[in-house]
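Chemist: The structure is given below, and queries will be raised subsequently.
Every read-out reported here was derived from the displayed coordinates using simple, explicitly stated rules and does not represent laboratory data. Predicted model, so just to flag it, every value in this text is computed and none were measured. Cβ sites come from the backbone with ideal geometry, for glycine too, and all protein chains shown count toward neighbours.
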Amino acid sequence: MNCKELSYMLADYFDGSMDPQLQEELDAHLALCEPCLVFTKTYQAVSDKARRLRRQIEYEIPLDVRDRLETFVRAAALKYPEKLDEYREQVQRERREMVAGLVKAAIACRLSPGTALLVKTHCSACPECKEYFDGLPKASDPGPGDPPDLIHSHMIRLLQSLPPGEEFFLA
């Protein structure tokens, strides 16, 4: 495990969802790498502070402001339903394209190290995704088509967990 890989796995490390073998590797790396230990402590402190702030913000929004905002959003949705439909279709299209790109990169063995690690970690805990990724064709075979809905939703969550600006494939 290297320093960059460690940074991608801290959320799973702190919420307890990490594969035990990966957790041992991460612990071993932290025991030997002072900068990563400092980064990890900072990450945890910032995450804790952000969690507390989210709770405060959630309860500090006045009820009348929430009601007005909800009324405004509902009125806009009723006034422009075609825009809402266009937006939903655009989001679905972009997600399908992202998942297709992830699958193509996985088939071609062109996933970035961070994405490959995320996929590997997820597949160690999700038998459905493990079966899907293990069954992907080789680079010379035709593409597998769209993945099942469960796999698709898991891939979307994996892609959303990448840091902003991080590409999931190798250039």
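Chemist: Given the options Cys123, Tyr87, Tyr8, identify the residue whose Cα lies farthest towards the positive end of the charge dipole of the chain (+1 on Cβ of Lys, Arg; -1 on Cβ of Asp, Glu).
Modeler: The one lying farthest along the dipole's positive direction is Tyr87.
Chemist: Past 29 Å, Cα to Cα, is the threshold; run Lys4/Lys104; Lys4/Lys49; Lys83/Lys120; Lys4/Lys130 against it and keep the listed order.
Modeler: Where the Cα-Cα span goes over 29 Å, the pairs concerned are Lys83/Lys120.
Chemist: Here is a follow-up. What does the charge count near His122 come to, summing +1 for each Lys or Arg and -1 for each Asp or Glu among other residues with Cβ under 12 Å from its Cβ?
Modeler: After counting each charged neighbour, the total is 0.
Chemist: With a/c under 1.5 counting as rounded, go ahead and sort region 97-137 into rounded, prolate or oblate using the C-alpha gyration tensor (a ≥ b ≥ c being the square roots of the eigenvalues; past the cut-off, prolate if a/b is larger than b/c, else oblate).
Modeler: oblate
Chemist: A follow-up question, please. Give, rounded to the nearest 20 debye, the magnitude of the charge dipole that region 1-60 has about its Cα centre when Lys and Arg contribute +1 at Cβ and Asp and Glu contribute -1 at Cβ.
Modeler: The calculation lands at about 400 debye.
Chemist: Using +1 at the C-beta of Lys and Arg and -1 at the C-beta of Asp and Glu, which of Gly114, Val73, Gln160 has the Cα lying farthest in the positive direction of the dipole of the chain?
Modeler: After comparing all options, I get Val73.
Chemist: Report the relative contact order of the chain, percent, no decimals, based on alpha-carbon pairs under 8 angstrom and at least 6 residues apart.
Modeler: That works out to 26 percent.
Chemist: A further question on this structure: Given H placed on each backbone N at 1.01 Å, which residues far from Leu111 in sequence or on other chains put an amide H within less than 5 Å of it?
Modeler: Leu170
Chemist: Oh, and also: For Kirkwood radius over Cα pairs in Å, the choices are [x] 19.1; [y] 22.9; [z] 15.8; which was calculated from the structure?
Modeler: Recomputing Kirkwood radius over Cα pairs in Å here picks out [x].
Chemist: Something else: In debye, nearest 20, what is the charge dipole magnitude of region 86-165 about its Cα centre with +1 on Lys and Arg Cβ and -1 on Asp and Glu Cβ, if you could check?
Modeler: In debye, rounded to 20, region 86-165 gives about 260.
Chemist: Right, something else. Charges only on Cβ, +1 for Lys and Arg, -1 for Asp and Glu: so what's the dipole of the chain about the Cα centre, in debye to the nearest 20?
Modeler: Rounded to the nearest 20 debye, it is 440 debye.
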